[in-house]
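Each remark here refers to the structure printed beneath this line.
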Amino acid sequence: MKKILLFTMMCLFGLFSLNAQETSFSYDFEDGTLTGWRVYQVSYAYGDNWKVADAKGKDGSKGIYSASVAPAPGGWGGVEHNPVNYVVTTNAYQITASSSLSWYVNHESLYSGPTDDHLQVVISEDGSSFSEAIWTGNGTNTGEFIVQLAAYEGKNLYFGFYHYKTSWGDGIFSLDNIALTGGEGGGEEPTPDPE
């Protein structure tokens, strides 16, 4: 009787496992680190580029942010700059027909309302060229977003967020709860930085 019960429970667990969607990664940054991500910037960009901070995530939790104004000593209000900042996964992930990428983004303007800051979600097959955007937002985009990735089924992709702007401004993009579902764990950390 115990063997039959054990066999039945194993079968039920197997059925539930088949129906459950695998989470390839999920980051809420509450550990205070960027483990699983790497940050880089294009030449001549400077300032606060994808750092972990309190109260930058959803509902006041920790999140990561990139700013188009560098903080002055003792707080914000420093030099404005033109960010060209990336934060990208250190590993590639195999995409399936049911894969999707979700995230929470918040845009803050320090002085005068919406800025011309832009944010793209970008992908790469080689971990060094992130020229393909799968989502583009600007200073009006705040909230939770999701992109279905079925068109990339069978590919191994690195994911990134690219903060840039077209002229001077005073914006901050914050990210939290970044998750890839329906994919499979992937490859090695790329060696070259993207250009």
Working only within the range 127-141, note down all residues that are assigned to a strand (DSSP E or B) and open to solvent by 20 Å² or more (accessible area, probe 1.4 Å). GLU132, ALA133, ILE134, TRP135, THR136, ASN138
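Check whether at least one residue in the range 108-115 is at pLDDT 95 or above and hydrophobic (A, V, I, L, M, F, W, C), and report yes or no. Before the answer, list the steps.
Narrowing the range 108-115 to residues at pLDDT 95 or above: none.
Looking for residues that are at pLDDT 95 or above and hydrophobic (A, V, I, L, M, F, W, C), one finds none in the range 108-115, hence no.
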Which condition number does LEU5 fail, the rest of (1) open to solvent by less than 40 Å² (accessible area, probe 1.4 Å); (2) modelled with pLDDT under 90 being met? (1)
Failed condition for ILE95, given (1) of a type in the set (A, V, I, L, M, F, W, C); (2) open to solvent by less than 20 Å² (accessible area, probe 1.4 Å); (3) over 23 Å from ASN141 (Cα atoms); (4) modelled with pLDDT under 70, with all others met? (4)
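Do the conditions hold for GLU144, that is, is it at pLDDT 95 or above, loosely packed, with under 13 Cβ neighbours inside 10 Å and within 24 Å of SER98 (Cα to Cα)? Before you say what the answer is, go through the steps one by one.
Values: at pLDDT 95 or above: yes; loosely packed, with under 13 Cβ neighbours inside 10 Å: yes; within 24 Å of SER98 (Cα to Cα): yes.
The answer is yes for GLU144.
The values are calculated or read from the model by the stated rules, or taken from the named source; none is laboratory data. None of the values given here were measured: they were computed from a predicted structure. Don't worry about glycine lacking a Cβ; one is built from the backbone with ideal geometry, like all the others, and counts go over all protein chains shown. To get the accessible areas, we keep the full protein, side chains included, count just its heavy atoms, and leave off ligands, DNA and RNA. Shrake-Rupley method; radii C 1.70, N 1.55, O 1.52, S 1.80 Å.
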